[in-house]
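Following: one structure in structure tokens, then a few remarks.
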Amino acid sequence: MARCGLAWHEGDREILRTVIFFRGDKKIEGCLACTSGLLTNLYSTAKNWRELPNGKQFNISAAHVHDIKSRRCSPDLSSTWVDRKGLGSDMRY
């Protein structure tokens, strides 16, 4: 068991997993709930209008597009997984 050392932690300080990252030269270590507000997302969650070549328009975020492009389905359609390495149609099974 670890302890969350951040001053704004509420409740029991005993936690199962710690998150460690560096901001500048300062090390920040705490629980996931306390550090989630300090981290930035790699892909934006703001929705933007997109238009396909066939004229269809929809509202979608960059994070959702990344999630869709990284999903993979097995050839027999029995299971799915998230591809952490490559994106797009270049992926070969």
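The numbers here are math on the coordinates, done by the rules we state, and not lab data. Values in this document were obtained by computation on a predicted structure and should not be read as measured data. Methodologically, a virtual Cβ is constructed for each residue, glycine included, from the backbone with ideal geometry; neighbour enumeration extends over all protein chains shown.
So here's what we get for this one:
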{"quantity": "For the chain, alpha-carbon Rg over 2.2 N^0.38 Å", "calculated": "1.58"}
{"quantity": "Amide H contacts of Ser61 (H built 1.01 Å from N, under 5 Å, at least 5 apart or other chain)", "calculated": "Asn48"}
{"quantity": "Sites His64 and Phe22, calculated FRET efficiency, Cβ-Cβ separation with R0 35 Å, nearest 0.05", "calculated": "0.75"}
{"quantity": "Filtered trypsin sites (Lys or Arg not before Pro), the range 1-82: DSSP coil and at most 16 other beta carbons within 10 Å", "calculated": "Arg13, Arg17, Lys56"}
{"quantity": "Computed E for His9/Arg50 - FRET, C-beta separation, R0 35 angstrom, nearest 0.05", "calculated": "0.30"}
{"quantity": "Loop chymotrypsin sites (Phe, Trp or Tyr not before Pro), the range 1-82 (other Cβ atoms within 10 Å of the site Cβ: 13 or fewer; DSSP)", "calculated": "Trp8, Tyr43"}
{"quantity": "Vicinal HN-Hα couplings computed from phi for the range 39-44 (Karplus, 6.51 cos²θ - 1.76 cosθ + 1.60; Hz; Gly/Pro x)", "calculated": "8, 10, 7, 5, 10, 5"}
{"quantity": "In Hz, Karplus ³J(HN,Hα) per residue of the range 67-78 (6.51, -1.76, 1.60; θ = phi - 60°; x = Gly, Pro)", "calculated": "5, 5, 5, 8, 6, 10, 10, 5, x, 8, 6, 8"}
{"quantity": "Under 5 Å, built H, 5+ apart or other chain: amide partners of Gly5", "calculated": "Cys31"}
{"quantity": "Proximal lysine pairs, the chain, alpha carbons under 21 Å, eight or more residues apart or interchain", "calculated": "4"}
